1. Looking at region 89-106 only, could you name the residues that are free of Cβ contacts under 8 Å to residues at least 60 places away in the same chain, loosely packed, with under 15 Cβ neighbours inside 10 Å and of a type outside the set (G, A, S)?
2. Do we find a residue being buried (at least 17 other Cβ atoms within 10 Å of the Cβ) and either touching a residue at least 60 places away in the same chain (Cβ under 8 Å) or touching a His at 6+ places or on another chain (Cβ under 9 Å) (or both) anywhere in region 56-69?
3. Can we say N12 is touching an Asp or Glu at 6+ places or on another chain (Cβ under 9 Å), over 18 Å from K101 (Cβ atoms) and surrounded by 14 or more Cβ atoms within 10 Å (Cβ to Cβ)?
4. Output yes when any residue across region 42-49 is closer than 25 Å to M99 by Cα, under 17 Å from the mean Cα position of the chain (by Cα), surrounded by fewer than 19 Cβ atoms within 10 Å (Cβ to Cβ) and not charged (D, E, K, R), and no when none is.
5. Are any residues in region 56-108 over 10 Å from the mean Cα position of the chain (by Cα), of a type in the set (A, V, I, L, M) and part of a loop (DSSP other than H, G, I, E, B), and if so, which ones?
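What follows is calculated from the coordinates using simple rules that are stated; it is not laboratory data. Keep in mind it's a predicted model, so treat the numbers as computed, not measured. Counting neighbours? That spans all protein chains shown, and the Cβs are built from the backbone with ideal geometry, glycine included.
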Amino acid sequence: MTNLRVDMKKRNPVVEKSFEYSKKAVKLSDMLKKESKEYELASQLLRSATSVGANVSEAQYAQSKKDFVSKMSIARKEANESKYWLKLLSETGIVEPEMTKDLLKRRV
């Protein structure tokens with residue numbers, strides 16, 4: 001079995017972008033809980049958005065090409081779910097569209 005592990009000393013823009021995406025989602029989720037008292041949607045967003053980075057990171061140590069593809073596919077699905085929660089938060093008026101704009105335009 002081939003180890004597809006990426007040398008972590010090398011810069012990996014996908015890993016970096018997914019981590020930044022997760023950080024921004026954590027901050028938005030925290031704000032939702034503190035300012036809007038919106039715990040359920042904040043938790044949904046937090047779970048899906050942080051899962052993106054976690055799966056991308058985990059894929060870097062995949063045990064096979066199939067494992068790598070699987071982890072990256074899960075990350076993509078989680079990014080799509082995060083997009084859903086962000087649009088819902090914005091279009092229901094729970095947050096101003098400007099607050100979700102950066103996360104919605106990001107391509108992880």
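1. In the first step, residues of region 89-106 are kept if they are free of Cβ contacts under 8 Å to residues at least 60 places away in the same chain; the result is 89-93, 96-98, 101, 104-105.
After this cut, where a residue has to be loosely packed, with under 15 Cβ neighbours inside 10 Å as well, the list is 91-93, 96-98, 101, 104-105.
Matches in region 89-106: E91, T92, E96, P97, E98, K101, L104, K105.
2. Yes.
3. Values: touching an Asp or Glu at 6+ places or on another chain (Cβ under 9 Å): no; over 18 Å from K101 (Cβ atoms): yes; surrounded by 14 or more Cβ atoms within 10 Å (Cβ to Cβ): yes.
Judged against the criteria, N12 is not a match.
4. To start, the set of residues in region 42-49 that are closer than 25 Å to M99 by Cα comprises 42-49.
If we keep only those that are under 17 Å from the mean Cα position of the chain (by Cα) as well, we get 42-49.
With surrounded by fewer than 19 Cβ atoms within 10 Å (Cβ to Cβ) added as a condition, the list becomes 43-44, 47.
Checking which are not charged (D, E, K, R) leaves us with 43-44.
Within region 42-49, one or more residues are closer than 25 Å to M99 by Cα, under 17 Å from the mean Cα position of the chain (by Cα), surrounded by fewer than 19 Cβ atoms within 10 Å (Cβ to Cβ) and not charged (D, E, K, R).
5. Within region 56-108, A62, I94, V95 meet the criteria.
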